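Worksheet: the structure to be examined is printed underneath.
Since every read-out is calculated from the coordinates, none of them should be taken as a lab result. Computed from a prediction, not measured in an experiment: that's the story for all the values here. Using ideal geometry, Cβ is built from the backbone for each residue, glycine included, and neighbour counts are taken over all protein chains shown.
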Ligand code: BGC
């Protein structure tokens with residue numbers, strides 16, 4: 001209804017100033033939480049949907065303000081997706097001098113000069129070794145995935161994947177046709193997980209997942225065929241730290257990314273899913289339990305033999321890579337015919353040598369997992385917006401960034417999200433009107449041009465730090481692999497498969513990451529390192545791993 005109103009207004013003359021009802025924060029949030037969006041992969045993606053919905057809904061806003069002028073954005077300067085809005089702007093462009101010292105200190109504390117990046121890369125490599133030596137040897141858990149062989153292309157048959165990542169879960173089916181036909185057909189469905197389930201019980205969550213899977217499986221037909229007498233097999237992507245006990249079982253160590261579900265930590269998550277499937281009367285079998293990084297690596301490797309590392313940068317973050325069995329001292333009795341296995345680093349828990357600020361420390365202290373997932377809290381999508389909000393709040397309170405009073409909404413934790421930062425950073429208009437409207441719509445802030453510029457500087461500082469540190473982490477992994485087998489990485493083409501909404505939708509972040517990799521490695525070495533986006537690889541990857549670990553595999 002509101003969106004329709006907006007379209008009508010758009011047809012009207014550009015300078016007409018209209019008041020419409022702006023949906024409350026709760027209304028727009030609930031739309032996101034219950035809505036479906038087929039292209040989203042995790043919370044960040046979903047947050048992007050939220051953003052687009054908000055753009056549509058909040059199309060025409062008149063800001064009541066004591067300020068002098070009002071303006072309307074000329075059609076030519078508007079981005080295609082930009083809503084028409086008319087808002088008042090403070091007449092003065094001055095920003096209180098109190099802001100400058102806060103900004104200077106903040107930038108100083110976030111700085112990531114080359115020596116710091118090198119130190120982070122070295123520390124990552126050292127922590128990886130310590131985590132491989134003994135369980136609990138470092139912040140990095142270095143979890144064995146039990147994925148010892150990667151897809152070959154020979155996989156055939158019908159397989160399912162179930163992907164529980166951030167606030168969404170996805171179900172997918174794929175019909176594989178071997179080397180000649182490869183992926184014959186895929187279908188998927190995606191459902192947002194209601195917020196209350198993120199804080200509920202294990203049974204509630206797994207019942208919700210199993211019922212989504214059951215509904216999806218019912219609609220199977222067309223190009224998808226299951227040979228008679230076989231069970232449907234699933235690759236289960238579970239994107240939280242799990243101590244794998246075999247390829248198809250693993251114990252949840254802890255929840256991350258804001259999940260706080262009771263009754264799952266310490267339990268086998270496949271058993272939890274099996275019990276829920278039983279309750280649904282669903283007769284399917286989990287053949288592979290994988291982390292999303294492992295699914296991404298497998299999915300990317302299906303098309304490209306040079307893929308050695310996979311990184312997720314979305315709501316949360318993590319990386320996995322192909323490791324030699326003889327480089328894993330903590331391995332006991334596990335034999336891999338290929339001599340290699342995929343190790344899930346769980347690098348989100350890394351914490352060594354990071355340039356942290358008082359805002360990071362405060363955010364961590366207020367989180368549900370203080371002292372944990374520090375790298376994740378510094379570089380991933382769930383947290384970048386919140387760090388910026390905390391900086392802006394201090395600037396507003398102590399430096400009068402937005403005038404005399406502190407905008408009330410700015411005090412709400414997580415009100416500013418990483419997709420908002422990205423949208424603001426894509427604003428190329430002279431007046432920074434996108435920045436202005438986002439600050440107004442999201443945080444209830446009225447801003448002048450100088451304040452908007454400062455907001456952008458804060459965003460850029462935090463995004464630059466995040467992207468560059470992520471780049472340093474990648475170099476740390478490559479370095480470790482090269483040190484163990486000279487020529488394995490830098491002597492030839494090596495692909496790092498990337499996925500996640502933050503990497504996909506934040507161009508500045510991606511650029512900072514890639515530039516940092518080049519800066520640390522130097523031109524010569526970095527020439528062979530290809531950092532490549534693998535869109536939604538983890539779903540296909542998990543189904544491929546279900547295929548290669550199928551109990552019927554010898555029938556191929
Ligand atoms: C989890 C990882 C996951 C990553 C990306 C982190 O919070 O601990 O297991 O791979 O998020 O989804």
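Observations on the structure shown:
- Extending 7 Å from Cα along the Cβ direction at residue 362 and again at residue 254 yields two label points whose distance is 2.4 nm.
- On full extension, the segment bounded by residue 265 and residue 189 gains 24.6 nm, given 0.36 nm per residue less the C-alpha separation.
- Net lengthening on full extension, residue 518/residue 133 (0.36 nm per residue, minus Cα-Cα): 135.6 nm
- Segment 296-368 and segment 383-405 have Cα centres spaced 34 Å apart.
- Nearest-0.05 FRET efficiency for residue 223 and residue 528, computed from C-beta distance (R0 60 Å): 0.95
- Normalised contact order of segment 113-234, rounded percent, pairs of Cα under 8 Å and 6 or more residues apart: 20
- Relative contact order, whole percent, for segment 469-528 stands at 50, derived from Cα pairs under 8 Å and 6 or more residues apart.
- Inter-probe distance in nm under a simple model that places probes 7 Å from Cα toward Cβ, at residue 325 and residue 180: 3.4
- Efficiency of FRET from Cβ geometry, residue 334 and residue 369, R₀ 30 Å, rounded to 0.05: 0.50
- When only Cα pairs below 8 angstrom with a gap of at least 6 residues are kept, segment 239-386 shows a relative contact order of 18 percent.
- The stretch between residue 398 and residue 111, if pulled fully straight at 0.36 nm per residue, gains 101.1 nm over its current Cα-Cα span.
- A crude spin-label estimate for the pair residue 100 and residue 126, with each label 7 Å from Cα along the Cβ direction, gives 3.9 nm.
- Separation between Cα centres of segment 120-159 and segment 499-552, rounded to whole Å: 15
- Cα centroid separation - segment 233-251 against segment 425-477, whole Å: 37
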